[in-house]
Amino acid sequence: MNKTIIPTILDIEASGFGSHSYPIEVGVVTYLSQRYCRLIQPESNWQHWTQEAEDLHGISRDVLLQKGIAASKVCEDLNNLLSGQTVYSDGWVVDYPWLIKLFSAGKQDMRFRLSPLENILSEKQMELWHDTQENLARSMDCTRHRASCDAELVQNVYVQTQHDSELTNPAAFHF
């Protein structure tokens, strides 16, 4: 029987879309099921905001200004939780630049690596992904487009598709 791999997943919600947007919430679910989620206090030069993004995640800029945590503290927390790990994102192409922006604002180096989830997905998992994600999203008691809930969903979809792909191909090799 193959050993189930449980990756650590990171997700970021943002102020909008494109190069002027910035991270407003970061969520992580580790391979040990530890959860971390924080709203991020906007830096003074982070002004870009779109109603479209707010409608998606439901977080207002006013809430961030009132309840957000300083970028330096969020970076410190992430480094303490994730140091030395490879962490995965299903939206690496946008999450990575936002993470870079966060760590730049926090004036810290990342002590972990963010990698695209696709780097560890088998072809069979990719085939099963969409339907599995839809089914699990309906069954989970979690608000979509909030960072830790999305991270938990992605982790659960990964584990389920890994299990389902092994059932259809028991000779599959997993590292």
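Can you tell me which residues in region 59-113 are among the β-branched types (Val, Ile, Thr) and crowded, with 20+ Cβ neighbours inside 10 Å?
Those that are among the β-branched types (Val, Ile, Thr) and crowded, with 20+ Cβ neighbours inside 10 Å: Ile59, Val74, Val87.
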*How many residues are without any contact (Cβ under 8 Å) to a residue 40 or more places away in the chain and either farther than 18 Å from Phe17 by Cβ or not hydrophobic (A, V, I, L, M, F, W, C) (or both) if we restrict to region 33-55?*
14
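Going by the structure shown, is Trp98 touching a Ser or Thr at 6+ places or on another chain (Cβ under 9 Å), outside any loop (DSSP other than H, G, I, E, B), of a type outside the set (Ser, Thr, Tyr) and under 21 Å from Ser15 (Cα atoms)?
Answer is yes for this residue.
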*Restricting attention to region 37-45, does a residue exist that is outside any loop (DSSP other than H, G, I, E, B), surrounded by fewer than 14 Cβ atoms within 10 Å (Cβ to Cβ) and modelled with pLDDT of 95 or more?*
no
*If only one of Tyr158, Tyr96 is under 24 Å from Ile24 (Cβ atoms), among the aromatic types (Phe, Trp, Tyr) and under 14 Å from the mean Cα position of the chain (by Cα), which one is it?*
Tyr96
*Name the single residue, out of those in region 124-155 being surrounded by fewer than 18 Cβ atoms within 10 Å (Cβ to Cβ) and in contact with a Cys (Cβ under 8 Å, 6 or more places away or on another chain), that is modelled with the highest pLDDT.*
Met140
*Applying the selection to region 27-80, what residues are charged (D, E, K, R), under 14 Å from Trp98 (Cβ atoms) and under 15 Å from the mean Cα position of the chain (by Cα)?*
Arg38
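The values are calculated or read from the model by the stated rules, or taken from the named source; none is laboratory data. Everything numeric here is computed off the predicted structure, so don't read it as measured data. Virtual Cβ from ideal backbone geometry, glycine too; neighbours counted across all protein chains shown.
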